[in-house]
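J.: Questions regarding the structure given below will be posed in turn.
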Amino acid sequence: MAAILITGANRGLGFEFASQYLADGWRVFAACRNPDAASKLRCLAQDTGGMLNVIAMDVTDAQSVRNAATQLKDVAIDVLINSAGIAGASGQKTGNVDYQSWAHVLDVNTMGPLRVLESFSDHIARSERKLVITRRGPWAPEPGNGTNRFRGCSLGPSRAVGDRPEFAARPA
Ligand SMILES: NC(=O)c1ccc[n+]([C@@H]2O[C@H](COP(=O)([O-])OP(=O)(O)OC[C@H]3O[C@@H](n4cnc5c(N)ncnc54)[C@H](OP(=O)(O)O)[C@@H]3O)[C@@H](O)[C@H]2O)c1
C-alpha cells in the first residue's frame, strides 16, 4: 500500500492533501506542530482503521523531525509533501526589510524541508516512488503597493540517486 508523509497537514493545502490521499486509499502520515490542537485532522483520522496517522513535527526543530522519523522507522514513504510553510511579514520595502522575519521564513520554508528530507531519506529510499514535493511561491511583487514578499527559495525536485535522494537549493 502506498504511503505519504505530509507536513503542515493540520490546515490549508496540507490538510486538503491529507484528505484527498486518504480518500484515494493511501496510508497517510499527517504531520503537524501540535496534534492535540489539530481537531480537524484528528476528526478525519477517526474511523480510518489506522490509515491516517497524526504525527507531531515542527520543521524548524531538528530533534522534533528526528523523533517523527524514529516513530516511523520501519515505514516506506512513497511521497513526501513539504506543505508546512509561512509567507513572512508583509509590506516590506527596500529600506524597511524585516531580516528576522526573513530568517524565520528561510528556516521554515527552506531548511525545514531539508531537515525533513535528511531525516526521512531512508524511509523514502526504501519506497517504490521516491517522490519529494516542495511547493513554494516565488518572489512576488504585491499588486499595487510596490512591495515584495518572499517565501524562501525552494529545494529542487529530488531524484533517486543510488538509494539516496539528491537535492539542491535553487531560487523559487
Ligand atoms: N495556498 C496557496 O495557494 C499557495 C500557493 C503557493 C504557495 N503556497 C505555499 O504553500 C505552503 C502552504 O500553504 P497553505 O495555504 O497551506 O498555508 P497555511 O494554510 O497558512 O498553512 C501553513 C501550514 O504550515 C504549518 N507550519 C507553519 N510553520 C510550521 C513549522 N515550523 N513546523 C511545521 N508546520 C508549520 C502550519 O501549522 P500551524 O497551524 O501550526 O501554524 C500550517 O499547517 C506555504 O509555504 C505557502 O506559502 C501556497
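J.: Within 11 Å, Cβ to Cβ, of Val75, how many net charges do the neighbouring residues add up to if Lys/Arg are +1 and Asp/Glu are -1?
T.: Once positives and negatives cancel, what remains is 0.
J.: Extending each Cα 7 Å along its Cβ direction at Met51 and Ala87, get the distance between those two points in nm, one decimal.
T.: Inter-label distance under the simple model: 3.3 nm.
J.: Follow-up question, since we're still on this one. ³J(HN,Hα) across region 48-57 via Karplus (A = 6.51, B = -1.76, C = 1.60, θ = phi - 60°), whole Hz, x for Gly/Pro?
T.: Ordered by residue, 3J(HN,Hα) equals 9, x, x, 6, 10, 10, 8, 10, 7, 7 Hz.
J.: Let me know the shape class of region 71-113, please: from the alpha-carbon gyration tensor, a ≥ b ≥ c as square roots of the eigenvalues, rounded when a/c is under 1.5, otherwise prolate if a/b is greater than b/c, or oblate.
T.: Verdict is prolate for region 71-113.
J.: With r as the distance between the Cβ atoms of Thr70 and Lys40 and R0 = 22 Å, compute the FRET efficiency 1/(1 + (r/R0)^6) and round to 0.05.
T.: 0.25
J.: Also, quick follow-up: If you count, for each residue, the other Cβ atoms within 10 Å and average over each peptide, how do 60-72, 106-118 line up from highest to lowest?
T.: Ranked from most to least packed, the peptides come out as 106-118, 60-72.
Just so you know, all these numbers are worked out from the coordinates, no wet-lab data involved. Source: prediction; values computed, not measured. In this analysis, Cβ positions are derived from the backbone assuming ideal geometry, glycine residues included, and neighbour counts consider all displayed protein chains.
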